[in-house]
Amino acid sequence: MSEIDWELIRVKLKQVSWAVRTIRQRFRRVPDVEYFRTKRGRERLDSICMLLQAIGESFVQIDKLSNKTFLPRYPEIDWKKIIAFRNIIAHIYFDIDDVLVFDNCRDHLPPLLETVKRMIKDLTPNSDPVDPIQKQ
């Protein structure tokens, strides 16, 4: 097993935090799923999906960087579903279910953001530099 780069994981989590906040800002202007079926709504859906894909990819990388030890410490989030959703967006793009995107933005992003904030806090510099979350 390779040594874990906790600082790189923290940087990736900060990127995820930014992406989730950006999606939530864009999503505020989406009144209902029907909006995604308009020209302007499709553009917003595309921009949201790009960030959802980046979030999923970040968690794939975080899982690899941590030798699959970090994400399981936060079982309130279904990491496999986030990664699977990333795969759907990346590989089945033209058949994306806009209802699923709408529901995920409305229901799952707020708790994800809270967990990501906690993850970042758990990786603060005042922790052990070798394994800053081992003290839990």
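No value in this document is a laboratory result; all are computed from the given coordinates. Since the structure is predicted, the reported quantities are computational estimates derived from the model, not experimental observations. So basically every Cβ, Gly included, is an ideal-geometry build from the backbone, and we count neighbours across all protein chains shown.
What is the Å³ per residue value for the convex hull set by the Cα atoms of the range 1-122? Walk me through the numbers before you get to the answer.
Working: hull volume 11.4 nm³, N = 122.
Spread over its residues, the Cα hull of the range 1-122 gives 94 Å³ apiece.
Please list, in order along the range 51-67, the HN-Hα scalar couplings obtained from phi with the Karplus expression 6.51 cos²θ - 1.76 cosθ + 1.60 (θ = phi - 60°), rounded to whole Hz, x for Gly and Pro.
Here the 3J(HN,Hα) series is 6, 4, 5, 5, 4, x, 5, 4, 6, 4, 5, 4, 4, 5, 4, 8, 6 Hz.
Using just the helices of the chain, give the 222 nm mean residue ellipticity in deg cm²/dmol: DSSP H runs with n ≥ 4 each add -39,500 (n - 2.57), and the total is spread over all residues, rounded to 500.
Numbers: 5 runs with 86 residues, N = 136.
Helix-only estimate at 222 nm: -21000 deg cm²/dmol.
For the chain, which span is the longest to avoid every loop-located (per DSSP) member of GluC sites (Glu not before Pro) having at most 13 other Cβ atoms inside 10 Å?
Numbers: sites that count: E3, E76.
The reported range is 4-75.
Let me know the Kirkwood hydrodynamic radius for the range 1-65, please, with Cα pairs as the basis and the value in Å to one decimal.
The Cα-based Kirkwood calculation yields 13.1 Å.
Considering only lysines 8 or more places apart in sequence, or on different chains, count the pairs in the chain whose C-alpha atoms sit under 18 Å apart.
The result is 15.
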